[in-house]
Amino acid sequence: MEDLEQSRDPAERATEGKRLRADVPRSSHSEWLPGPDRADPVAILEEQSRTRIAELVPIRYGRMLASPFTFFRGAAAIQAADLARGPRSGPWVQLCGDAHLSNFGGFAAPDRDLVFDVNDFDETLPGPWEWDVKRLAASLAIAGRDHDLGPEARRTIVLDSVRAYRTAMVAHAASGNLDVWYARLDVASVTDLWGGGATKKERATFDRNVAKSRAKDSLRALSKLTHRVEGKLRIVSDPPLLVPVEEIVPEAGEPAADEQIHGLLESYLETLPDDRRHLVEGYRYVHTARKVVGVGSVGTRAWISLFVGRDDGDPLFLQIKEAQASVLEPYTADCRFAHEGQRVVEGQRLMQAASDIFLGWLTGPEARGAHHFYVRQLWDQKGSADVDRMSAPTLANYGEVCGATLARAHARSGDRAMIAGYLGKGDPFDKAIASYAEAYADQNQADYDAAQAAVDEGRIEARTGV
């Protein structure tokens with residue numbers, strides 16, 4: 001990590017962080033004005049589409065254009081270009097790269113406790129710590145608009161989230177390295193933090209969602225995503241969202257496709273520690289299908305593979321998801337990993353308090369150009385908050401939880417004492433980011449309108465309802 005000298009006295013580093021304010025005042029982070037040379041946001045999306053599966057790109061645009069908030073979810077590349085024009089205080093951290101509200105959620109840790117953390121790392125890369133904070137803050141402001149909240153209510157929500165980030169970072173700066181490394185937020189703690197602003201109905205919904213997450217595992221995926229064909233387990237066909245591999249490459253036939261996938265999985269095993277490799281080798285490969293996932297990720301190559309262990313009632317689903325270059329890379333530094341899948345995996349391990357034991361990576365067939373992938377479990381008690389249905393107090397509390405979680409993730413890799421020194425104990429930074437978030441919500445609305453106009457003009461095609 002750049003410019004980290006963790007062996008120096010923490011008080012010295014905090015003082016150095018405070019000195020950074022002279023060159024980059026905390027108030028400077030409030031600024032957002034698009035320059036005359038700002039790139040066309042639709043052109044940025046079109047450029048991304050060139051490396052994606054053409055038939056799925058209209059689905060991506062359709063999902064993005066459902067609302068300004070969903071548009072923002074898919075617009076990480078647009079905001080990355082904008083963030084690069086803004087102030088940087090100096091310290092770098094391992095960035096999520098796409099830290100909007102919907103990329104936080106719950107999942108099962110290896111000890112089977114349900115934890116809450118950042119849960120999307122497709123864009124992860126080292127970079128200025130402020131960038132993740134600004135993306136989270138902007139997503140809160142945009143979500144507030146989707147909820148028809150007024151400017152003051154939106155500002156309060158963002159202020160609370162940034163304050164939670166700041167105070168958590170200050171607390172981590174005063175903690176030992178192992179304390180920071182072991183820190184994590186379990187669902188019981190989330191309930192305590194989140195529940196204060198929730199209505200009885202929202203609390204009941206939250207409890208139901210936790211129960212639903214706990215039931216979302218490979219057995220659930222087996223019942224939802226497979227059927228039997230001539231006595232054999234097969235992933236169902238539901239195009240264009242779920243398509244068995246033999247339907248995509250019919251000329252090869254299922255046996256040839258299976259043989260190719262076996263070869264790919266062998267290379268995946270080489271990226272696992274010995275104990276995890278032994279575990280995976282205890283499963284037998286069954287079937288693979290292409291699966292459309294997310295909003296911004298639609299059009300990238302994503303597959304799911306079914307394995308069985310002791311018998312057909314002992315399933316394991318792995319998701320094999322394409323990893324392209326991070327949208328941050330043009331504005332930070334070259335990735336230190338030659339493999340984009342490894343970049344995602346290593347970034348996730350560095351930021352998360354507990355990570356999927358099946359994380360690994362592989363390289364796809366080179367017949368039409370090599371593609372990098374990372375591997376994880378498809379469903380492992382994963383769940384996310386229903387942002388669309390949150391009341392204003394609940395959205396505020398949820399924003400605080402996300403802010404504190406992001407600070408802990410940054411504290412694991414960055415100079416937490418220097419960042420805490422820069423942030424300080426007052427609220428100038430909080431206020432600056434609240435102003436930025438509102439200004440960028442205006443920009444996001446303008447970009448959303450531009451994309452909608454591009455559809456109306458026939459420049460791009462959007463497929464809705466899929």
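The values are calculated or read from the model by the stated rules, or taken from the named source; none is laboratory data. Values in this document were obtained by computation on a predicted structure and should not be read as measured data. Cβ: placed from backbone, ideal geometry, glycine included. Neighbour counts: every protein chain shown. When the accessible area is computed, the model is the full protein with side chains, heavy atoms only, and any ligands, DNA or RNA have been set aside. Shrake-Rupley method; radii C 1.70, N 1.55, O 1.52, S 1.80 Å.
Residue check: residue 47 meets all listed conditions (1) free of Cβ contacts under 8 Å to residues at least 40 places away in the same chain; (2) open to solvent by less than 50 Å² (accessible area, probe 1.4 Å) but one, namely (2). The set of residues from the stretch 63-75 being open to solvent by 10 Å² or more (accessible area, probe 1.4 Å) and either free of Cβ contacts under 8 Å to residues at least 60 places away in the same chain or of a type in the set (Gly, Ala, Ser) (or both) comprises 66, 67.
Here residue 371 meets the list (1) farther than 22 Å from residue 131 by Cβ; (2) within 18 Å of the chain's Cα centre (by Cα) almost entirely, failing just condition (2). With respect to residue 257, determine if the residue is under 22 Å from residue 373 (Cα atoms), among the aliphatic types (A, V, I, L, M) and modelled with pLDDT under 95. When the stated conditions are applied, residue 257 passes them. Scan the stretch 309-317 and tell me whether some residue there is open to solvent by less than 40 Å² (accessible area, probe 1.4 Å), assigned to a loop (DSSP other than H, G, I, E, B) and within 27 Å of residue 259 (Cβ to Cβ). For the stretch 309-317, residues open to solvent by less than 40 Å² (accessible area, probe 1.4 Å), assigned to a loop (DSSP other than H, G, I, E, B) and within 27 Å of residue 259 (Cβ to Cβ): present. When the stretch 176-188 is filtered for residues that are surrounded by fewer than 14 Cβ atoms within 10 Å (Cβ to Cβ) and either closer than 21 Å to residue 104 by Cβ or not charged (D, E, K, R) (or both), the ones remaining, listed by number, are 176, 177, 178, 181, 182, 188. Of all residues in the stretch 204-233, which are assigned to a helix (DSSP H, G or I), under 22 Å from residue 290 (Cβ atoms), in contact (Cβ under 8 Å) with a residue 60 or more places away in the chain and open to solvent by 50 Å² or more (accessible area, probe 1.4 Å)? Across the stretch 204-233, the qualifying residue is only 220. Do we have any residue at all in the stretch 292-306 that's surrounded by fewer than 18 Cβ atoms within 10 Å (Cβ to Cβ), closer than 30 Å to residue 99 by Cβ and aliphatic (A, V, I, L, M)? Looking for residues that are surrounded by fewer than 18 Cβ atoms within 10 Å (Cβ to Cβ), closer than 30 Å to residue 99 by Cβ and aliphatic (A, V, I, L, M), one finds at least one in the stretch 292-306, hence yes.
There is no residue in the stretch 404-411 that is open to solvent by 10 Å² or more (accessible area, probe 1.4 Å), part of a loop (DSSP other than H, G, I, E, B) and of a type in the set (Gly, Ala, Ser). Listed by position, the helices (runs of 4 or more DSSP H) contained in the stretch 49-168 that have at least 2 residues being within 29 Å of residue 17 (Cα to Cα) and modelled with pLDDT of 95 or more are 76-83, 129-146.
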